[in-house]
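Single-structure report; data block below.
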Amino acid sequence: MSVLKSFIAGEWLGETPARPLPSAINGDIVAHTHQEPIDFAKAVEYGRTTGVKNLLAMDFQERALALKAMALYLQEHKQELYALSHHTGATKRDSAIDIDGGFGTLFSYASMGRRELPSGNVVHEGPVMPLGKENHFAGTHILVPRGGVAVHINAFNFPVWGMLEKFAPTFLAGMPCIVKPATATSYVTEAAVRLMQASGALPEGALQLIIGGTGDLLDHLREQDVVTFTGSASTALKLRSHPNILARSIPFNAEADSLNCAILAPDVTPDHEEFDLFIKEVVREMTVKAGQKCTAVRRILVPTAQLEAVADRLKQQLSKVVAGDPAVDGVRMGALASLDQCADVKAAIDRLKESCECLLGGTGDFQPLGDGCDRGAFLEPHLLLCRNPEQEGGAHDIEAFGPVATLMPYDTLEQAVAIAAKGKGSLVTTLSTRDPATAGQLVPMLAAYHGRLHVLDAQAAKESTGHGSPLPMLKHGGPGRAGGGEELGGIRAVCHYLQRTAVQGSPTMLAAITGEYVRGAKVIETEVHPFRRYFEDLQINESLLTHRRTVTEADIVNFGCLSGDHFYMHFDEIAARNSQFRERIAHGYFVLSAAAGLFVSPGEGPVLANYGLDNLRFITPVPIGDTIQARLTCKRKIDQGRTSPDGHPQGVVVWDVEVRNQKDELVASYDILTLVAKRPQ
């Protein structure tokens with residue numbers, strides 16, 4: 001029988017079998033943990049030295065490319081993980097959520113990193129704020145790698161996604177990870193880590209794996225380290241209260257199981273499509289992963305008038321769910337992750353029955369399909385009813401982490417909000433409504449208690465990823481019982497693992513620190529037009545002050561005829577005179593176009609294409625007779641490793657553009673992005 005190994009300080013550790021890990025399907029032993037003790041002090045020090053050194057030898061862009069390479073390799077070998085995931089009780093659909101969902105998160109962060117992060121290891125989090133009247137002293141914020149390690153303690157229900165959704169932003173941030181998966185399903189995580197190592201894209205020290213307990217790991221952490229946890233609220237509290245975590249103010253992020261809601265709005269009746277969508281969503285969330293999701297629906301809030309119809313429909317649909325070995329045709333729901341987990345859920349159901357009626361489940365005639373499944377951790381769906389949901393306790397406090405949910409009637413929207421809030425904070429709530437006014441009224445009221453709100457109607461259902469699916473670009477986490485933390489949310493998650501620092505100084509110093517041009521900084525002016533330089537040769541702060549152009553009435557008339565924009569402020573002398581500007585003014589987009597005409601070098605050169613325009617502001621109106629002049633300055637360079645269609649490497653250059661009039665007043669301000677070729681080899 002295989003012995004799982006920890007991956008510590010660059011070596012695989014573990015030979016002697018310890019705890020057996022049975023299959024959730026039939027109880028057969030899948031693997032053992034190892035007996036060999038782990039030197040956690042060594043693991044932490046290795047991460048801080050070797051891991052940090054190797055990660056910071058790369059920049060954000062290079063780490064994003066490494067994430068993509070890992071994701072591609074994992075995707076090629078995913079059948080190995082699917083085979084192991086089967087033993088956790090997962091159906092093919094369940095495994096796809098965990099395994100393919102994890103790979104998708106890597107791909108997403110690889111893409112976001114390439115698009116949104118700079119080439120270096122400093123993120124400038126602007127804007128720059130003048131702190132003096134003449135802009136000799138200014139301030140801004142930067143984000144830098146913390147120089148510590150991130151300890152990720154994960155739950156049993158998502159052995160792959162649970163690791164990768166935390167690893168991806170941590171890796172991008174240049175922070176090495178020490179991952180501790182839940183022991184019951186750690187054999188899947190171990191296999192995933194082996195594949196990540198085999199990909200060749202994982203720098204030495206960037207990832208370590210703990211099989212078994214954490215021992216004295218938390219005692220060795222310092223101020224620059226981070227701890228994240230996914231699991232029960234009680235365990236989160238215990239870890240958060242660790243003396244070393246408190247004494248050193250070590251950042252701690254918790255994502256805890258919560259009593260999530262699905263709310264059927266009063267405007268939806270059994271005659272509406274949204275009613276069927278609501279039933280489908282609840283049934284799916286009760287049965288996917290056998291209800292073992294921190295985002296699963298635990299409380300079902302419905303108008304009193306629809307209680308009987310909802311109960312009947314849910315019982316009808318849930319009674320059709322076939323549970324058993326996912327390898328057997330027709331099985332829609334697998335097992336709980338372990339016999340211990342199954343016992344815990346049954347005990348929670350018994351406690352719920354003290355304040356709730358059982359509408360479905362627990363009759364004693366449940367028989368899962370498949371050989372040996374009588375030894376597995378199977379449980380049929382249970383639907384309960386709480387007739388007095390305004391009372392505290394019961395289903396508002398007790399979570400059965402399995403295919404279990406409780407119906408609760410309400411009479412008014414305000415009452416529904418109050419009932420939902422009795423769960424003391426959740427990760428997600430679904431609202432099913434046909435009425436935009438109801439959504440507009442209810443969502444702001446619900447938002448204070450829930451990390452994500454999923455509004456379900458017929459239009460959204462065509463593409464909705466569902467109530468229980470955290471997405472890489474949206475925040476995952478919730479207040480109160482849900483842990484009070486945040487994960488994912490796009491690049492926000494990367495920022496969680498970086499140190500934010502305020503920086504003050506002259507614009508010239510801030511430009512040197514941030515690696516970006518800052519208005520007011522000393523510029524570099526040469527005889528060579530910046531558009532004539534290859535990507536590698538172009539310097540930050542390299543600038544061009546253009547010749548001048550006087551705006552004429554013919555300019556305005558010609559631009560209006562060409563664009564079709566005959567707005568009165570440009571053409572109606574009387575209306576313009578009666579306006580706040582007192583005279584006709586040029587189109588803002590004419591000013592933008594005229595500035596391009598001033599600074600563009602028309603001949604063939606390294607600048608390949610306009611890539612975009614950001615932060616455009618028209619600040620001072622330009623009347624007929626004003627003279628404008630532009631300054632073009634290299635603000636930021638992003639080496640994305642991209643290749644043009646003919647195979648030549650290139651990068652993205654962000655240019656700061658200021659357009660001023662004859663009084664030196666700022667007329668327009670914006671950034672333009674261009675693709676710039678690299679020097680031919």
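Just a few scattered comments:
- In the set L259, L277, L307, only one residue is within 12 Å of L407 (Cβ to Cβ) and touching a residue at least 60 places away in the same chain (Cβ under 8 Å); that residue is L307.
- Among residues of segment 316-335, those that are open to solvent by 30 Å² or more (accessible area, probe 1.4 Å) and out of contact with any Ser or Thr (no Cβ under 7 Å at 6 or more places or on another chain), counted: 9
- For segment 610-631, the tally of residues that are at pLDDT 90 or above and loosely packed, with under 15 Cβ neighbours inside 10 Å stands at 8.
- Every residue from segment 652-681 that is over 33 Å from the mean Cα position of the chain (by Cα) and of a type in the set (S, T, N, Q): N661, Q662, Q681
- Restricting E516, E553, E525, E542 to those that are closer than 30 Å to Q681 by Cα, open to solvent by 70 Å² or more (accessible area, probe 1.4 Å), of a type in the set (D, E) and modelled with pLDDT of 90 or more reduces the list to E525.
Residue-by-condition table, conditions (1) of a type in the set (S, T, Y); (2) within 20 Å of the chain's Cα centre (by Cα); (3) at positive phi; (4) open to solvent by less than 50 Å² (accessible area, probe 1.4 Å):
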{"site": "D94", "(1), (2), (3), (4)": "no, no, no, yes"}
{"site": "D98", "(1), (2), (3), (4)": "no, yes, no, yes"}
{"site": "G101", "(1), (2), (3), (4)": "no, yes, no, yes"}
{"site": "Y109", "(1), (2), (3), (4)": "yes, yes, no, yes"}
{"site": "N154", "(1), (2), (3), (4)": "no, yes, no, yes"}
{"site": "F158", "(1), (2), (3), (4)": "no, yes, no, yes"}
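- In the condition set (1) over 28 Å from A96 (Cβ atoms); (2) in a loop (DSSP other than H, G, I, E, B), D371 is compliant with all but (1).
- Meets criteria (of a type in the set (A, V, I, L, M, F, W, C), modelled with pLDDT under 95 and under 16 Å from H454 (Cβ atoms)) for A337: no
- First in segment 101-117 and farther than 14 Å from M70 by Cβ, second anywhere and open to solvent by 10 Å² or more (accessible area, probe 1.4 Å) and among the hydrophobic types (A, V, I, L, M, F, W, C), Cβ under 6 Å, 6 or more apart: G101/W161; M112/I491; E116/I491
- Residues of segment 192-216 satisfying the condition of being hydrophobic (A, V, I, L, M, F, W, C) and more than 26 Å from M58 (Cβ to Cβ): I211
- Given (1) open to solvent by less than 30 Å² (accessible area, probe 1.4 Å); (2) without any contact (Cβ under 8 Å) to a residue 60 or more places away in the chain; (3) within 30 Å of Y410 (Cα to Cα), index of the condition E354 fails: (1)
- Contacts under 6 angstrom Cβ, first residue in segment 598-619 being more than 16 Å from T633 (Cα to Cα), partner open to solvent by 90 Å² or more (accessible area, probe 1.4 Å), 6 or more apart: G605/R532
- Some residue of segment 632-648 being without any contact (Cβ under 8 Å) to a residue 40 or more places away in the chain, surrounded by fewer than 17 Cβ atoms within 10 Å (Cβ to Cβ) and part of a helix (DSSP H, G or I): no
- Scan of segment 189-208 for residues that are over 15 Å from H152 (Cα atoms), over 23 Å from the mean Cα position of the chain (by Cα) and outside any loop (DSSP other than H, G, I, E, B), ordered by number: A191, R194, L195, Q197, A198
- The listed residue being touching a helix residue (DSSP H, G or I) at 6+ places or on another chain (Cβ under 7 Å) and over 16 Å from S6 (Cα atoms), out of P203, P181: P203
- V659 meets each of the listed conditions (1) modelled with pLDDT under 95; (2) of a type in the set (A, V, I, L, M, F, W, C); (3) surrounded by 15 or more Cβ atoms within 10 Å (Cβ to Cβ) apart from (1).
- Residue check, E486 closer than 30 Å to C294 by Cα and either among the basic types (K, R) or in contact with a helix residue (DSSP H, G or I) (Cβ under 8 Å, 6 or more places away or on another chain) (or both): yes
- The residue that is farthest from the chain's Cα centre (by Cα), among those in segment 453-470 that are closer than 20 Å to G102 by Cα, open to solvent by 20 Å² or more (accessible area, probe 1.4 Å) and touching a residue at least 60 places away in the same chain (Cβ under 8 Å), is S469.
- Where helices (runs of 4 or more DSSP H) fall entirely within segment 448-550, those with at least 1 residues that are over 30 Å from K133 (Cβ atoms) are at 458-461, 491-496.
- Top-ranked residue of segment 271-285 - restricted to ones that are of a type outside the set (A, V, I, L, M) and farther than 22 Å from D435 by Cβ, ranked as most open to solvent (accessible area, probe 1.4 Å): R284
- For segment 556-580, residues that are open to solvent by 40 Å² or more (accessible area, probe 1.4 Å), of a type in the set (G, A, S) and in a helix (DSSP H, G or I) total 1.
- Boolean, V288 is open to solvent by less than 60 Å² (accessible area, probe 1.4 Å), modelled with pLDDT of 95 or more and not in a strand (DSSP E or B): no
The values are calculated or read from the model by the stated rules, or taken from the named source; none is laboratory data. In this text the structure is predicted, and so the values were computed from the model without any measurement. Neighbour counts run over all protein chains shown; Cβ positions are idealised from the backbone, glycine included. The protein model used for the area step is the full one, side chains on, heavy atoms only, and it has no ligands, DNA or RNA in it. Shrake-Rupley method; radii C 1.70, N 1.55, O 1.52, S 1.80 Å.
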